[in-house]
1. Could you name the aspartates and glutamates whose alpha carbon sits less than 20 Å from that of Lys94, not counting residues in the same chain fewer than 8 places away?
2. Below 13 angstrom from the Cβ of His67, what's the summed charge of the other residues (Lys, Arg +1; Asp, Glu -1)?
3. State, in angstrom, two size descriptors of segment 22-84 derived from its alpha carbons: Rg to one decimal place and Dmax to the nearest whole number.
4. Could you name the lysines whose alpha carbon sits less than 17 Å from that of Lys101, not counting residues in the same chain fewer than 8 places away?
5. Can you return the lysines within cross-link range of Lys44? Criterion is Cα-Cα under 28 Å, with same-chain partners fewer than 8 residues away left out.
6. Sum up the charges of everything whose Cβ sits under 14 Å from the Cβ of Gln36, counting Lys and Arg as +1 and Asp and Glu as -1, but leave Gln36 out.
7. Local charge sum around His49 (other residues, Cβ-Cβ under 12 Å, Lys/Arg +1, Asp/Glu -1)?
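Values in this text are rule-based calculations from the coordinates and carry no lab data. If you're wondering where the values come from, they're calculated on a predicted model, not measured in any experiment. Positions of Cβ are backbone-derived with ideal geometry, glycine not excepted, and every protein chain shown enters the neighbour counts.
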Amino acid sequence: MQRDTTLETAFNSKLYKRAKKQSLREARVTEKLEKQQKLEQERKKKQRHQEFLNAVMGHVKEFRDHHRQTQHKTLKIAKAVRIYHENAEREEKKERERIEKERLKRLMSEDEE
């Protein structure tokens with residue numbers, strides 16, 4: 001069997017040290033620290049989840065507002081187009097009636113002559 005040299009012992013010094021027995025007090029402290037770390041991880045996880053939910057809800061609100069505004073704009077434009085065509089039709093009808101009255105006047109005046 002090969003013996004380790006001093007250089008190898010220096011590199012692997014942890015292999016040659018005896019494990020320290022943990023006292024009851026140290027065990028309690030370690031458990032307490034582990035419990036604190038676990039609670040902190042849970043708290044951070046819940047916080048991240050809450051931030052995610054808040055981001056989703058913010059997006060939902062923005063999405064609805066955007067589409068509500070778009071629909072409002074579309075309805076407003078549609079109403080303006082409808083009013084424009086109604087007015088154009090009304091003006092055209094007035095013009096036809098005026099032309100018809102003029103034609104009747106001319107016919108009546110020619111008839112009287």
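1. Hits, sequence-local ones excluded: Glu86, Glu102.
2. +2
3. Computed over the Cα atoms of segment 22-84, radius of gyration and Dmax are 27.0, 91 Å.
4. Filter leaves Lys93.
5. Lys32, Lys35, Lys61
6. Numbers: positive: Arg28, Lys32, Lys35, Lys38, Arg43, Lys44; negative: Glu31, Glu34, Glu40, Glu42.
Around Gln36, the surrounding residues sum to +2.
7. Details: positive: Arg43, Lys44, Lys45, Lys46, Arg48; negative: Glu42, Glu51.
Counting the neighbours of His49, the net charge comes to +3.
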